[in-house]
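Have a look at the structure below, then the notes.
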Amino acid sequence: MLSVRDASDSLPSSSSAYELYFNDRDEPTVRNLTREGRASGQLSLPSAFEKRDKISRRPTPSIVLSADVRHDTLEDLLRAKYGFRDADPLQTTTEMLPPMKQSMSAPTYYRGQSEISDAMLRQIDAYRSNDDYNSTIAKDDPDDPSLSFRKRENTSDVKQDLFSSKSHSAEVQMSSGSTPYVFESEGELAAEEVPQGDREMNRKANGAVVDRRAKAPRNEGNKSKDLNVVESAFSASEESASEGDTSLEYMESSDESEREFDEENGADDGNIAMQNEGSTPGDEHGKQNHLYAAPTRDEMQQLSEASELFKSNIFRMEVEELLTEVRIKYEKHKPLERLLHELKSILDTLPSQPARPLADARKAMAKQKVAIPFPEPQPAEDLRDQFAFEKPDAVHIVGSYPLKSIAKATKPFTVDMAVQMPKSLFLETDYKNHRYFYKRAYYVAVLAAALQKKAKKIGIRVRFNYLHCDSLKPIIQISALGDKSEFDFSKLNCIIRIIPSIAPDTFIARRLAPTRNCIRPKGMDENATPTNLPPTPLYNASILSDASYVLNLTFLYTQVKKCAGFVDACLMGRVWLHQRGLDEIDHDAGRGLNGFLWSMVMAYLLSGNVRGGRKLAAGFSSYQLFRGTMDFLATFDFEKDGLMISNEAPEADFALQKFKETSDIVVVDASGKVNLAAHLTKSAFAQVQHEAKLAMQYLSDPVDRFDELFLRKVNDPKLQFDNVFSLNMMAKPSSSYASRNLLERSSAFMHLSRDVPALLAKALTNRVHYVDVHLNQMSAWDIDASPSVRDLSNTSVLIGLVLNTEAALRLVDHGPDAENTEACAEFRALWGNKAELRRFRDGSILESVVWEAKGIEERSLIVSRIVYHLLALHYGLAKDHIQYWAPQLYRYIDIAKSVPTKIYDPQLKAVAYQPIMNAFDQLVKQMRALDDDLPLPLANIRASSSSLRYTSTFLPIPFNHAAISQYPDSARYIEPVDFILQFEGSTKWPDDIQAIQQVKSAFLLKLAEILKKVGMKADVGRSVESDNDFFADTYIDIYHTSGFTFRGRVQQDREITLLERLIKDTKTKERQKAQATAALHQIKTIFEYRPEHTFYMQNLCNRHISLSSTVRLTKRWLSQHMLANHVNDETIELICASIFLSPAPYYPPGSPLSGFFRVLAFLSTWNWKDMPLIADIEGDMTVLQREEINAAFQKTRKIDPHLKHSTWFIGTQKDANGERWTRSMPSKVIASRIQFLAKSALALIDKALRTGDEKELKRIFVTPLSDYDTVLSLKPSICTRHFQSLRPDADLVGKEHKYKNLAFTKTSVYGDQALVGFDPAEAYVNELQSTYGDTLTFFFDRYGGDKVAMVWTDKEPRLWKVNLGISSEPVDMEKGQLKSNASKYVVPNAKAIHAEMLRLGKDVVQ
C-alpha cells in the first residue's frame, strides 16, 4: 500500500500531505493530512491491489507531496502505477486536493525503510515533463542508506513518454530555470561524475535515458566470496582487490534485515494464502484463493526489473536459462582442485639445476626424453648463454577460472597456472634477440620432464602447445587419463595449461616499449643503438605480457567484487564471441578477441581511467553491462583513439601515441605497458566491429533476436562469407616482407596470413565490409617430439570476404589526383599495370583502375578478378594456386554450351532480363493505344510471371517463330509470360458466373482481332486441365515482335463476389460448394495473389542484387532432385526472400553462392512442425503482425496436428494465415525429403571447401534414383525442354556442324505450330498424378529431365468395393490362384498399374 502521510518534522508549514489507506469497510481512501484541514474521498482500486494490501505486513513506504504538485500529476501516477480506474471516485479525490500554489518552496520526499522504496522512486520518476508543471526536488534521507540524492550540474532537456515501460531514468524533469536532481543507489555512479558522453552511452545501453542506475536483480552474478577455488594455496593477493564498492554488502545486509522482519511478523512472500474474514487455514475457499493469489513482492519486483534492467521479461528468462546452461558447476571440481594442489606441491619441490651451455642443456633434456620447444629462429649453436633452472617463485591460478567466468562450450575449457620464473635466471639483456624465449622454452622443458615423472601416478598426460598460437610461447598442456583416481578430472571437459611468467621488474620496462627494437639482424652488435631498424611491438608485448597475468587478474577481481552482474555479463560475452569464432586468439592470423579481452574492456567501462571513460555502473544488470560493452565495441575507434585501462598516467615511452604508431588496434592493460590487442590486425578487428554492430541491431529490434545473438553458430565460412578462396602455396614473399617484417615475423607463413588480408582490405576499400582469414588450429604435441610449425604444406589458408553489395559491383576504382605524386606512386605500386590516368566528366584527372564487365554475372565476379590480380602481382600466385569459390554455380542456371546459338545466345547473359522487361513495357503501351477499339477501356495491366519478377530458372529466351522449323523437338518449349488485363468497371457485366466466363472469352477474341489488325499475331485458348464449372481458364497468347510470347487473362472482380455468395448460401449443394471454393481459390491466386507477389518480388530483386540468382539456383536444385512439381514457385521465392529480409545473424547475402548456401542451411534446420516462416516482404512488419501470424500458425497446428495441410507455414503481411501458397503443398513427406537433401548438400559443400575439389559441388545437383520404387525413362527426343537439362544430347538439340548439309533436318512431330507452354513430360506426370495420386507420388525434373520416378504411398490392404479407382488384386493370391479362404481385402495391382502407365505414355516413355 502506498501511504502518503504527514511528516511534520520535514515539511514547511504551507505544505500538504495525503495518506492512501483502507478504511473500516476495506475501501481504498485518500486522506488530507495538512494542518489547514482534512478531507477524504474513496478510490476505486483493482481487487488484486486490495488483496495484496491485506496480506502485506511490511513497513509502509511514505511520501510527502507539497501543495505545488499538479493534481493531475498525482492522478496519473496513481492510475498508471497502482491501476486506479478512471472513475468518479478518482475525480473526487483530485478535487479534494488543495489548489496549486505558485512560487512554493521545494518539497521534501520522506522515504520509509521498505525495499519497495526503489520501485516508488521509479514511479515518482514518471511525472510529466511539461514546462507548465512545477518541479519536485529530493533531499537525502539520513535514515535510508540505500539511496542518495545527488545534484547534477548540467541541465539537460530530457523528455520521455509518461509511464513508459521502457523508461529506466529516475531523473525528475524540471521546469525552466530549476536545477535537475538525479536519484541514485548508494555505491553507484553519481550524476556529477558522469560526463555528457557517458550519459549518451548509457542511453544506448538501455534504450532510454539511464542516468539513474537501476539496482541489479538479486539472482544476478555470482555472490560467492570464494572466487578462487584454490585461493588459499596460490592466489593473487586480495588486498588491493578487496577495495571498492559496498553496494553488494548492503544488498546482502538488507536482505537479511528483511528476513528478520518477516520472521517477526509471520510474513511469507513466497507462499501466502488469500483468506476471507472468518476462514480457517484449512478452509477450502482459502485453498482456492491461494491458487489465484496476487503476485508477491519479489515477483512484482522481478517483473519491474525485467522491463528496466533487461530488454523484456521474455528476454530476461532466456538470458537466465542461457546462463544456467553455460555456467560451470564448480562444486563438482573437487578432483580438479586436488590435482591443482598436487601440481603446486610438485612444482614447489623441484630441485635447482646448474647453469649449462645450450648443447649440454639439450643433452640433459634428451636423456629425460624431452625435446626443448625452442621457437623459430632456433638458437645458434654458438650461443653463449647459460641455461639454468630454479623452482618457481610463485604459482598463481589466473585467467577466467578463479573469476568463475568460464562458459561451457563443445571444446574443453582451460585452467591456467602461471608459474613465475625466478628473476635470477635472466640477465638484464636477455630481452634481446629471443634469448628470453630460449630460456623460457628450457624452463618449460624442465617443468614438463618433472611432471612427466609423476604423470602416471596422478593420472595425467603431459604435452606441449602454443599459447594463442604464438610460436614464441610454448606452454605445458595437461589432460586427464581417465584412470578414476582421486585426481581424475576427465569428466569435466577441461585441460590445464602451465604458463611461465616473470616478475614485473625482471627487465627494465622502457626497453620493451612498443617503439623499441629488440631484435638485431645477424652481424650487428646487439649493444649498438639501432637507428633505422623497425620496432618490434609484437615481440616486446609478448615479453611484457608474461609479467601482467596477476595484475590483470587483480584488476578484474576488483570489478567482480564491485559489480554483481559482471560475471554473468562475461558469460554472455563469451557465448557471443564463441558463436562467431572470435574467442580463439591466433597470433599468426592476427585475429581473435577472447573472453579475457572482452572482460578487460567491460572492466574499463566500469572503472574508467584518469581521462574518464566510465560508462557503466556497478548497479547495472548483466544485460545492461553486455549491451553497453557491445555498443562500445561497435562505435569506439580503437585504431584512432586507442584505449588505456590503467588509472595511472602513462610513462613517456608507453604513451598512447606510441602504441598507435606501432599497432593497428590499441587496448593497453591495467599495467599501462601491454597492448592486449597488439596481435589484432585492422581487418580482423573490422570483423569484430561488424558483428558488434549487428548485435546492437538485434538488441534494438522489437522482435526477439535472442537465438541470433547467442544460440546460432555464425562461424561457418560457407554461410558467413560471400566469397571464399584458399591458398596452397606462395611463389614469392611480397616486397614488404623483407624490408618491414623480416625481424619480427621470421615465418613467411605468418607474414602471408597477416599481410594478404591487409592488402586486400586496402585495395578493395568499401567493396567489402571486412576480410577474414581462417587457419587450421595448432594442435598439441608430445614432449619428446619436435614443435608443431605452420607452413603451407600442412596448414590451409582460407580467406573470406563479406561484400558490400552497394559498391562491390562498381566498374571503376578512383585513385588520387594526378598532382599528388606521392599518393599516385603508392597507388601504382598497389595496382601495377592496371592503374591508369583518366580524365572524368567533372574535369578531374585521377589515377584509376577500370574493370570491363558485361551483365550482372560478370560484374558479380569483379572482386574475384581483383583478388587474382593482386595475388599475382604481389605474391606471384597464379590462378592454379588459388581456389576461389564464387563462379562455380552459375553453370547450373545457364543453358549448356552444347546448345547451338540459334536456340540460345550466350550473349543474352550480358543483358539478362532487360529484353523481356522492355518488351513488356512496349506491349503495355501498344495495348493502351487500343482503348478506342475495345468494348471497355483498359484500367490496368499487371505482370504475374516469374520472368517479369526476375526469378525464372533460366533467362527468358526469345523464340524465332518465323524459323520454327529449324528448332528440334527437344528445344521447342516456349515459355508463356503471364500478365493480367483489367478493364474499367461497367454495370452491364452479367450476374451469372458462367456467363461472365463467356463474356471474358468474347473480350479476348475481340482483342485478338484488333491485335491482328495492327500486325501482332494472337491466339485465344482455354486450358484443358480445368474441369471446374465455375472457372474457365481462358487466355490470349500474344506473339510479340521481340520473340517473347505473352499470355494474358481478364480479371473481373464480380466473379469473386458471386462465388463467395454461392459458398455462403445454405441451399448450395455440397458438390457445387466444393467446386465454388476451388474456383474462388484459383481465381484469387491468378488475379490477386500472383500479381501482388510479382510486384513485391520485383522490388526485392531490385533491392538485393543476388536474390534473383539465389532463387534460380534453388529452383534448379529442387528440380534436379525431382521435386519441382511438389513446391510452388512462389513458395521457393518467399523462402529465398526471407533469407535476405531476415538474414540474422549475418548480413544479407552478397553473392548467389552465399545466398544459395544459406537457403540450404535454412531448409536443413527449419523446424516447420513448430515454427512458421515469417517473410517481411514490405519491410515494415510490426510486432502485432508477427503475433497475428504466430497465432494463425498455432491455430492451424491445433486444428491439423497431423500436418495434412500447411506443412510449411509461410506468413506475410498480405497472408497472415499462410494459405496462399503452402496449404496444399508440400506434403509432410516431401518437406522431410527436402530437409534431408539440404543436410546432405551442406555436407558436400563443407567437403568441397575443405578439399578444394569442385566436383563435390556437382554432386549437389544429382539425385539418387535408388530411393524410388519405380523409375520410367522418357524419350528425350520429344521432350520439348530437353535443351534445359544439365547435359543435353548435342545431336538431339541440333548440334551445329561445319558443313551445312549435316545440319539438323529432321521433321518435327509437332509440325510448324507454336505450342506455347507445352511440355509432354509435365503433361504426362500431371495425368499420372490425377489418376494414381491416391496411392502413388510422382517425381520428375521439370527442366529437361528424362526420368519419372514414383513412390508407393498406400499399399495397405483395403476392403474391396465397386469403383475403387485403381487396379487391384485380392490379398490372398498364391501362384496366380485365389486361396479357398480368401478375405475381401485387396491391394493395388502394381504390375497392372505399371502397364497402364506405359499405355498412357506410349509415345513419351522409352
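Residue by residue through region 665-711, note down the ones that are without any contact (Cβ under 8 Å) to a residue 40 or more places away in the chain and under 28 Å from Val550 (Cα atoms).
Ile665, Val666, Val668, Gly672
Go through region 1135-1149 and report how many residues are open to solvent by 10 Å² or more (accessible area, probe 1.4 Å) and touching a residue at least 40 places away in the same chain (Cβ under 8 Å).
So the answer is 5.
For region 1251-1266: of the residues being touching a residue at least 12 places away in the same chain (Cβ under 8 Å), open to solvent by 40 Å² or more (accessible area, probe 1.4 Å) and of a type outside the set (Val, Ile, Thr), which is nearest to Gln883 (Cα to Cα)?
Once the filter is applied, the top-ranked residue is Glu1254.
Here is a yes/no grid of residues against (1) of a type in the set (Asp, Glu); (2) over 30 Å from Leu908 (Cα atoms); (3) in contact with a Leu (Cβ under 6 Å, 6 or more places away or on another chain); (4) part of a strand (DSSP E or B):
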residue: Glu1009; (1), (2), (3), (4): yes, yes, no, no
residue: Lys1012; (1), (2), (3), (4): no, no, no, no
residue: Gly1015; (1), (2), (3), (4): no, no, no, no
residue: Asp1019; (1), (2), (3), (4): yes, no, no, yes
residue: Glu1025; (1), (2), (3), (4): yes, yes, no, no
residue: Ala1032; (1), (2), (3), (4): no, yes, no, no
residue: Asp1037; (1), (2), (3), (4): yes, no, no, yes
residue: Ser1042; (1), (2), (3), (4): no, no, no, no
residue: Val1050; (1), (2), (3), (4): no, yes, yes, yes
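Scan region 1198-1221 for residues that are of a type in the set (Lys, Arg) and surrounded by fewer than 16 Cβ atoms within 10 Å (Cβ to Cβ) and jot them down.
Applying the first criterion (of a type in the set (Lys, Arg)) to region 1198-1221 yields 1198, 1204, 1214, 1220.
Scanning region 1198-1221 gives Lys1198, Lys1204, Lys1214.
Can you tell me which of (1) outside any loop (DSSP other than H, G, I, E, B); (2) closer than 22 Å to Gly800 by Cβ; (3) open to solvent by less than 10 Å² (accessible area, probe 1.4 Å) is the one Gln697 doesn't meet?
Failing condition for Gln697: (3).
Restricting attention to helices (runs of 4 or more DSSP H) lying wholly within region 539-642, give those where 2 or more residues are surrounded by fewer than 23 Cβ atoms within 10 Å (Cβ to Cβ) and out of contact with any helix residue (DSSP H, G or I) (no Cβ under 9 Å at 6 or more places or on another chain).
Fully inside region 539-642 and qualifying: 549-562.
Give the number of residues within region 630-656 that are among the β-branched types (Val, Ile, Thr) and more than 20 Å from Ala678 (Cα to Cα).
The number of residues fulfilling the criteria is 0.
Test of understanding: among Ala1349, Ala1392, Ala1382, which residue is modelled with pLDDT of 85 or more and either among the charged types (D, E, K, R) or more than 26 Å from Ala1124 (Cα to Cα) (or both)?
Ala1392 is the lone residue from the list that is modelled with pLDDT of 85 or more and either among the charged types (D, E, K, R) or more than 26 Å from Ala1124 (Cα to Cα) (or both).
Which one of the conditions (1) β-branched (Val, Ile, Thr); (2) part of a loop (DSSP other than H, G, I, E, B); (3) open to solvent by 50 Å² or more (accessible area, probe 1.4 Å) does Thr1068 fail to meet, given that it meets all the rest?
Checking Thr1068 against (1) β-branched (Val, Ile, Thr); (2) part of a loop (DSSP other than H, G, I, E, B); (3) open to solvent by 50 Å² or more (accessible area, probe 1.4 Å), the one that fails is (3).
Per-residue answers, yes or no, for (1) open to solvent by less than 20 Å² (accessible area, probe 1.4 Å); (2) of a type outside the set (Phe, Trp, Tyr); (3) out of contact with any Leu (no Cβ under 7 Å at 6 or more places or on another chain):
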{"position": "Gln922", "(1), (2), (3)": "no, yes, yes"}
{"position": "Asp931", "(1), (2), (3)": "no, yes, no"}
{"position": "Pro935", "(1), (2), (3)": "no, yes, yes"}
{"position": "Asn940", "(1), (2), (3)": "no, yes, yes"}
{"position": "Thr953", "(1), (2), (3)": "yes, yes, yes"}
{"position": "Pro958", "(1), (2), (3)": "no, yes, yes"}
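Return yes or no: is Phe659 more than 20 Å from Pro535 (Cα to Cα), of a type in the set (Phe, Trp, Tyr) and either part of a strand (DSSP E or B) or within 34 Å of the chain's Cα centre (by Cα) (or both)?
Numbers: more than 20 Å from Pro535 (Cα to Cα): no; of a type in the set (Phe, Trp, Tyr): yes; either part of a strand (DSSP E or B) or within 34 Å of the chain's Cα centre (by Cα) (or both): yes.
Answer is no for this residue.
Can you tell me which residues in region 941-980 are farther than 20 Å from Asn918 by Cβ and not small (Gly, Ala, Ser)?
Passing the criteria: Thr953, Ile964, Gln966, Tyr967, Pro968, Asp969, Arg972, Tyr973.
Yes or no: Ala450 in contact with a helix residue (DSSP H, G or I) (Cβ under 7 Å, 6 or more places away or on another chain), open to solvent by 10 Å² or more (accessible area, probe 1.4 Å) and not charged (D, E, K, R)?
So Ala450 passes the test.
Which of the residues spanning region 341-375 are out of contact with any strand residue (DSSP E or B) (no Cβ under 6 Å at 6 or more places or on another chain), of a type outside the set (Val, Ile, Thr), closer than 23 Å to Asn465 by Cβ and assigned to a loop (DSSP other than H, G, I, E, B)?
Once the filter is applied, which keeps residues that are out of contact with any strand residue (DSSP E or B) (no Cβ under 6 Å at 6 or more places or on another chain), of a type outside the set (Val, Ile, Thr), closer than 23 Å to Asn465 by Cβ and assigned to a loop (DSSP other than H, G, I, E, B), region 341-375 yields Leu350, Gln368, Lys369, Ala371, Phe374.
Would you confirm whether or not region 967-987 contains a residue that is open to solvent by 50 Å² or more (accessible area, probe 1.4 Å), out of contact with any Pro (no Cβ under 7 Å at 6 or more places or on another chain) and acidic (Asp, Glu)?
no
Please state which one of Ala910, Ala995 is without any contact (Cβ under 8 Å) to a residue 24 or more places away in the chain and open to solvent by 10 Å² or more (accessible area, probe 1.4 Å).
Ala995
Looking at region 808-820, can you tell me whether even one residue there is under 38 Å from the mean Cα position of the chain (by Cα), part of a loop (DSSP other than H, G, I, E, B), farther than 18 Å from Val863 by Cα and modelled with pLDDT of 90 or more?
Checking region 808-820: not a single residue is under 38 Å from the mean Cα position of the chain (by Cα), part of a loop (DSSP other than H, G, I, E, B), farther than 18 Å from Val863 by Cα and modelled with pLDDT of 90 or more.
Given the criterion touching a strand residue (DSSP E or B) at 6+ places or on another chain (Cβ under 6 Å) and open to solvent by less than 70 Å² (accessible area, probe 1.4 Å), identify the matching residue among Leu861, Leu846.
None of the others qualify; the one that does is Leu846.
Does region 295-334 hold any residues that are touching a Ser or Thr at 6+ places or on another chain (Cβ under 8 Å) and either at pLDDT 80 or above or among the hydrophobic types (A, V, I, L, M, F, W, C) (or both), and which are they?
Matches in region 295-334: Ala306, Leu309, Phe310, Asn313, Val319, Leu323.
Only one of these is outside any loop (DSSP other than H, G, I, E, B), farther than 29 Å from Trp885 by Cβ and open to solvent by 40 Å² or more (accessible area, probe 1.4 Å): Ser1273, Ser1224. Name it.
Ser1273
Conditions (1) touching a strand residue (DSSP E or B) at 6+ places or on another chain (Cβ under 8 Å); (2) over 29 Å from Gln353 (Cβ atoms); (3) part of a strand (DSSP E or B), marked per residue:
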{"position": "Tyr442", "(1), (2), (3)": "yes, no, no"}
{"position": "Ile499", "(1), (2), (3)": "yes, no, yes"}
{"position": "Thr506", "(1), (2), (3)": "no, no, no"}
{"position": "Asn532", "(1), (2), (3)": "no, yes, no"}
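Got at least one residue in region 745-766 being buried (at least 18 other Cβ atoms within 10 Å of the Cβ), in contact with a Leu (Cβ under 9 Å, 6 or more places away or on another chain), modelled with pLDDT under 85 and not in a helix (DSSP H, G or I)?
Yes; the residues of region 745-766 include at least one that is buried (at least 18 other Cβ atoms within 10 Å of the Cβ), in contact with a Leu (Cβ under 9 Å, 6 or more places away or on another chain), modelled with pLDDT under 85 and not in a helix (DSSP H, G or I).
Scan region 1330-1369 for residues that are open to solvent by 50 Å² or more (accessible area, probe 1.4 Å) and without any contact (Cβ under 8 Å) to a residue 24 or more places away in the chain and jot them down.
Within region 1330-1369, Ser1330, Lys1361, Val1362, Asn1363, Glu1369 meet the criteria.
Taking region 789-826 as the search range and keeping residues that are of a type in the set (Gly, Ala, Ser) and more than 16 Å from Val771 (Cβ to Cβ), which one is surrounded by the fewest Cβ atoms within 10 Å (Cβ to Cβ)?
Ser793
The values are calculated or read from the model by the stated rules, or taken from the named source; none is laboratory data. None of the values given here were measured: they were computed from a predicted structure. Using ideal geometry, Cβ is built from the backbone for each residue, glycine included, and neighbour counts are taken over all protein chains shown. These area figures cover heavy atoms from the full protein model, side chains too; ligands, DNA and RNA do not enter into them. Shrake-Rupley method; radii C 1.70, N 1.55, O 1.52, S 1.80 Å.
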